Structure formats: structure tokens, C-alpha cells
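Peer 1: Have a look at this one.
The values are calculated or read from the model by the stated rules, or taken from the named source; none is laboratory data. Just so it is clear, the structure is predicted and the values come from calculations on it, not from any experiment. Cβ placement follows ideal geometry from the backbone for every residue including glycine, while neighbour counts extend to all protein chains displayed.
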Amino acid sequence: MPELTTERLLLREFTTDDFEAVHAYAADPEVCRHVSWGPNTVEQTREFLEEMVAASSRDARDSWTWAVTDAGAVLGACSVTVTSREHRRGEMGYVLARSAWGRGYATEAAAAVLAFAWTALGLERVEATCRPGNTASAAVLRRVGMQQEGLLRSHLVIRGRREDSLLFAAVR
């Protein structure tokens, strides 16, 4: 998997050495408030990192997840998944530690991953979702050129409750 660089960030593969930093954000209830996973247990974070390390050695992939780092510190993750090779569609997502919020890191990482989706993967459409209450995430998606296309009613179950999602997309 190629490393991606931005003005301030290095997006690289995860390693098992990233456990403490990943668990710090993945176990934070505020970080996980708008997503369907977490807060993670120690075992769930270990499983995530083991899965990321195993995926990094596969030749054939449909999903790439980078550790978002600044000066060597892991701030979060950003990913793209090919959802249809035939239709050249994908989905992007990101998560950052609370200490990294509000500093432009999500926008930088998402823009780099979107560029990877266009150039390296040849995708023509990339989608992302966020909960209606996650206005910061919606702002990031708009800043990287995505447009809100709709409301997905009762889209996810988050801690036992049905939640809506806003659907965003960008086309090349």
C-alpha cells in the first residue's frame, strides 16, 4: 500500500506498535458517538490492528486503511473501499482522536485519500456518510468537494438505536 503525504501528514500502514494511540481514540466514547463501532475494548483494538497488518500483505485488495500521522504520532485513520469495480464506485471514511479535531487534519487526510481513489484506483464516484448531528464531519466532506445527495433514513444501528445518515458523494 502506498504511503500518502500532505503538507503536514503522512498516511501509512498500521503496525501493531500503533496499539496505544489507536486504542486511545477507539475507546473514547466521544470519538465513537457517531459511528457504529466502539468504544473499543482492548481486544477489539487488537483485532483491528491484526486485520490491518494482515491486509497490508495481500496483493488483491478492495480496501485500504491508512494510519493518519503527524510527526510520527498516530492521530486516526482514513480509508477507501471499492464498493463496485464494474461501476468504479467507492466509499471513504475517517476517524480522528479528539486531540486532533478542529485542526484541518481530517480535511487533509480525506483529500489525499480521495486523490488516491481517483488516480490509483480509477474510481469515478466516491461516497461517504455521516450522522446528521455530526456537523464537523459534514463540513470536512464539503471541503473535499463532496456534495450532500440525500438522507438515508434508519441507515445504521448505533448502540441499539436506528440512526439516519447523510449521504455525500464526489464524482471525478
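Peer 1: Could you list, in sequence order, all residues of the stretch 112-128 that are touching a helix residue (DSSP H, G or I) at 6+ places or on another chain (Cβ under 9 Å) and either free of Cβ contacts under 8 Å to residues at least 12 places away in the same chain or surrounded by 17 or more Cβ atoms within 10 Å (Cβ to Cβ) (or both)?
Peer 2: Hits for the stretch 112-128 are 123, 126, 128.
Peer 1: Can you tell me which condition residue 129 does not meet? The list is (1) of a type in the set (S, T, N, Q); (2) under 21 Å from residue 22 (Cα atoms); (3) within 12 Å of the chain's Cα centre (by Cα), and all the others hold.
Peer 2: Exception for residue 129: condition (2).
Peer 1: Moving on to the next point. Mind listing just one residue for me: the one in the stretch 71-98 that is more than 15 Å from the chain's Cα centre (by Cα) and surrounded by 14 or more Cβ atoms within 10 Å (Cβ to Cβ) and, of those, farthest from residue 140 (Cα to Cα)?
Peer 2: 88
Peer 1: Specify the residue that is farthest from residue 97 (Cα to Cα); the eligible residues are those in the stretch 141-172 that are assigned to a strand (DSSP E or B) and of a type in the set (Val, Ile, Thr).
Peer 2: Ranking the candidates gives 171 first.
Peer 1: Another one. Of all residues in the stretch 40-84, count the ones that are at pLDDT 95 or above, over 26 Å from residue 111 (Cβ atoms) and not charged (D, E, K, R).
Peer 2: Of the residues in that region, 5 qualify.
Peer 1: For the stretch 5-31, which positions are without any contact (Cβ under 8 Å) to a residue 60 or more places away in the chain, part of a loop (DSSP other than H, G, I, E, B) and either closer than 29 Å to residue 161 by Cα or of a type in the set (Ser, Thr, Tyr) (or both)?
Peer 2: Passing the criteria: 15, 27, 29.
Peer 1: Can you tell me which residue is nearest to residue 167 (Cα to Cα) among those in the stretch 137-153 that are among the basic types (Lys, Arg) and touching a residue at least 24 places away in the same chain (Cβ under 8 Å)?
Peer 2: Among residues in the stretch 137-153 that are among the basic types (Lys, Arg) and touching a residue at least 24 places away in the same chain (Cβ under 8 Å), the one nearest to residue 167 (Cα to Cα) is 142.
Peer 1: Same structure, new question: If you scan the stretch 17-69, which residues turn out to be surrounded by fewer than 17 Cβ atoms within 10 Å (Cβ to Cβ), touching a Pro at 6+ places or on another chain (Cβ under 8 Å) and among the aliphatic types (A, V, I, L, M)?
Peer 2: 27 - this is the single residue of the stretch 17-69 that is surrounded by fewer than 17 Cβ atoms within 10 Å (Cβ to Cβ), touching a Pro at 6+ places or on another chain (Cβ under 8 Å) and among the aliphatic types (A, V, I, L, M).
Peer 1: Using the structure shown, decide if residue 56 is over 27 Å from residue 102 (Cβ atoms) and polar (S, T, N, Q).
Peer 2: Considered against the rule, which asks whether it is over 27 Å from residue 102 (Cβ atoms) and polar (S, T, N, Q), residue 56 comes out as yes.
Peer 1: Residue 97 - would you say it is small (Gly, Ala, Ser) and in contact with a Gly (Cβ under 9 Å, 6 or more places away or on another chain)?
Peer 2: So residue 97 passes the test.
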